[in-house]
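First comes the structure, then the notes that go with it.
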Amino acid sequence: MKKKLRPLQVVGIVDSEEMFFIAAYKREDRRIIRYVYNLEFKEMYYSKELLDKLQEFFGCGRVVLDNKLTGGYKFVITDLKEVEEKIIPFFDKNNLLTSKNLDYEVFREAVLMIKEKGGITEQVYNDIKKLREKCNKKREKKEIFEFSRDYSTSDKINEEWLVGFIEGDGSFQFSIGRSIYASIEIAQSKARRPLLEAIKGYLKAGAVKPKQGYGLKELLSSRDTHRLVISGRKMIEEKVIPMFEGLELY
């Protein structure tokens, strides 16, 4: 039986995979206007075992099949009380390290707004629509880059967080030919390249590709995905394998 997830390991997983989703809807029925909302803390993954562990960790939510064709599952929390009592206190105490923290702050603002107003009014509906315009994929690359550069620094990284982050965004490569090749790669969007540089600095190992300066101007003209690659037997044995002693992947 696998061990329980640790708090910072959960933060790393969420930093790599999660989506904080907010929406508000306006419905008209016989000239009566009703406003409804949808809040989701959603983690999508192909390992149901990991999602079950997240459900166990938070003590709420549900794990459901998300896509029959791909076999993907998702862990979802939509109940306002559960979000308010379980999700908000956890991430207030354990800050997300990546630009996902910006999405969390918007999500948190919407939750507290609905709680304060006792539901959703026309004003809350309009406010949530505005909040959505700066959340998740709609967020500008410049803002993501600046947050990553200023906040996603190597002094904030530790092994628990990194193992969780690798769970979502890492991959292991192994091949045997004339020689044995092994590597671990972490891929991120180009706006989050500073995070890869921070992980490299924490591990004191690896190379970020493509090799170039990573100011905003250079990044915007580069390929969409950047990678941190750690390879070589010595580096793997000294830097990577020790991280997973006592911490597990799913």
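Data for the structure
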item	result
Shape category assigned to the chain from the gyration tensor of Cα positions, a/c cut at 1.5	prolate
Kirkwood hydrodynamic radius of the stretch 80-206, from inverse mean 1/r over distinct Cα pairs, in Å	17.0
Surface accessible to a 1.4 Å probe, residue 21 within the full protein complex, Å²	50
Loop GluC sites (Glu not before Pro), the stretch 120-170 (other Cβ atoms within 10 Å of the site Cβ: 10 or fewer; DSSP)	133, 140
Loop-exposed trypsin sites (Lys or Arg not before Pro) per DSSP, neighbour cap 15 Cβ within 10 angstrom, longest uninterrupted part of the chain	69-133
Relative contact order computed over the stretch 73-158 (Cα-Cα under 8 Å; 6+ residues apart), in percent	35
Relative contact order of the chain, pairs being alpha-carbon contacts under 8 Å that are 6 or more residues apart, as %	20
Additional length obtainable on full extension of the chain from residue 132 to residue 155, 0.36 nm per residue less Cα span	5.2 nm
Sum of -39500 (n - 2.57) over DSSP H runs of 4+, divided by residues of the chain (222 nm, nearest 500)	-11500 deg cm²/dmol
Shape category assigned to the stretch 141-250 from the gyration tensor of Cα positions, a/c cut at 1.5	oblate
Residue-normalised accessible area of the stretch 146-250, expressed per residue, 1.4 Å probe, Å²	53
Additional length obtainable on full extension of the chain from residue 60 to residue 80, 0.36 nm per residue less Cα span	6.1 nm
Spin-label pair residue 233/residue 216, simplified geometry with 7 Å Cα→Cβ offset, distance in nm	4.7
Of all accessible heavy-atom area on the chain, the percent that carbon and sulfur account for (1.4 Å)	48
Label-point separation in nm, residue 52 to residue 95, each point 7 Å along Cα→Cβ	3.6
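The values are calculated or read from the model by the stated rules, or taken from the named source; none is laboratory data. Small disclaimer: the values here were computed from a predicted structure and weren't measured. Here Cβ is always computed from backbone atoms with ideal geometry, including for glycine, and neighbour counts include all displayed protein chains. The accessibility values were calculated without ligands, DNA or RNA, using every heavy atom of the protein model including side chains. Shrake-Rupley method; radii C 1.70, N 1.55, O 1.52, S 1.80 Å.
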